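Here's the structure, in structure tokens; my notes come after.
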Amino acid sequence: DGSASNVLRFLRDFHDLCASQFGVLSVKSVNENIVWIQSILHSALTGGVTQSIDKGIIEAVSKRSLEGMSNTIMQSIPSTATTITNTHTAKNEAFFDIISKIDVILSPNREILFHNVFVDVMMKGSLNPTKKHQLTLIGNSSIIESQRTDLQSASFHPCVDLASWRHGEKIDFFPPASNESMKLLSFRAVNPQKVVPFLIQGFEREARGNTRLEIEFRLRANFSSQLEAQSIVICIPCPPTTSTVNVYHRKGRAKYKPEKGMIRWKIPTMIGQAEEVFSAEVVCIPPTDGKRILSHQPPISVSFEIPSFNCTGIRQMNLRNLQFGADEIRSSVRHMTQSGKYECRVE
């Protein structure tokens, strides 16, 4: 394995370098030269990839001159990975995106039959990668189901210390050197606020013999009027014998999709507490088996995105550097709620 051989070669070269620098490699000698060792490791471990230390670097280090040594090492190391961020120029800022996917099944009486929320915590920022940071989640209820005994519902980034999570809703981690967005944590919310962002009200489906069907309902945005939903798509199933469909609505675009046997109604945006009325006239081919056209009634599915809408139960997130006397970290949190399996059953 090439990676294993590189690690072993690096350890051998690093041991020889330490022996030439301060003699015997022991706990006492490491503590006395910890600054020198950290400077070497920060430069040699480029983006988590070990690099070889040549004789020229060993001669430079043997002079015990820390000034300019790090730059000499970085220039001598081949560029095989992303260069680590300078820890002295970290901006100490982090941006969090809490993306929630909500699964809901509603009865014809608008009762909640099933409710589930999966959450992804995304992080992007410029933090000191050599210092341990702690993220605290403050919510109304337990975040992870059986978090002390079962972590199957949760997944973590490799930089997270799992021991800290088992002792509470706190995450200790060393942030990566890169500024790219990463998924710090994923979990299933337990006992979240059972909010239902969209409701199907006043649904009526009336058959006119065996060839005509009239559908009518109201779509209600059941969230704050200060928020706005985006990319709303409502799928209304039609009988298998559907021939043509005439739709009537005030907002968005609706079209019958014969290959999927449904009407797809798309609404670009919708403000909270607003209502939209939809009606359609479905013309069907007379059935040959004598079945009624209302015998097939799948649920109506809804998909959407609501920026700044929080349904996770997390009220606050605190991020701090565990080093004593560290500067305060500037952080911001954005919420986004997306639909998973969101269905409304009809009579």
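Values quoted throughout were computed directly from the atomic coordinates according to the rules given, and no laboratory measurement underlies them. All figures in this text were calculated on a predicted structure; none of them were measured in a lab. FYI the Cβ positions are ideal-geometry reconstructions off the backbone, even for glycines, and counts take in every protein chain you see.
If you plug the beta carbon distance of residue 38 and residue 320 into 1/(1 + (r/R0)^6) with R0 = 25 Å, you get a FRET efficiency near 0.70. The residue 225 and residue 31 beta-carbon pair, evaluated with R₀ = 56 Å, returns a calculated FRET efficiency of approximately 0.35. Coupling constants for the stretch 130-136 follow from the phi torsions by the Karplus curve (6.51 cos²θ - 1.76 cosθ + 1.60, θ = phi - 60°), and in residue order they are 9, 10, 7, 10, 10, 10, 10 Hz; glycine and proline get x.
How large is the Rg to Rh ratio of the stretch 198-307 when both quantities use alpha carbon positions and Rh follows Kirkwood?
Expressed as Rg/Rh, it is 1.01.
Fully extending the segment from residue 195 to residue 253, taken as 0.36 nm per residue of separation minus the present Cα-Cα distance, adds 18.2 nm. Applying 1/(1 + (r/R0)^6) with R0 = 30 Å to the Cβ-Cβ distance of residue 275 and residue 332 gives a FRET efficiency near 0.35. The modelled label-to-label distance for the pair residue 138/residue 24, using points 7 Å beyond Cα in the direction of Cβ, is 5.2 nm.
Out of the GluC sites (Glu not before Pro) in the stretch 187-268, which ones are loop residues according to DSSP with at most 14 other C-beta atoms within 10 Å?
On the way: sites: 204, 206, 214, 216, 228, 259; in loops: 259.
Hits after loop and neighbour filter: 259.
Full-extension gain between residue 301 and residue 114, please, as 0.36 nm times their residue separation minus the C-alpha to C-alpha distance.
On the way: separation 187, 0.36 × 187 = 67.32 nm, distance 1.40 nm.
Separation in residues times 0.36 nm, less the Cα-Cα distance, equals 65.9 nm.
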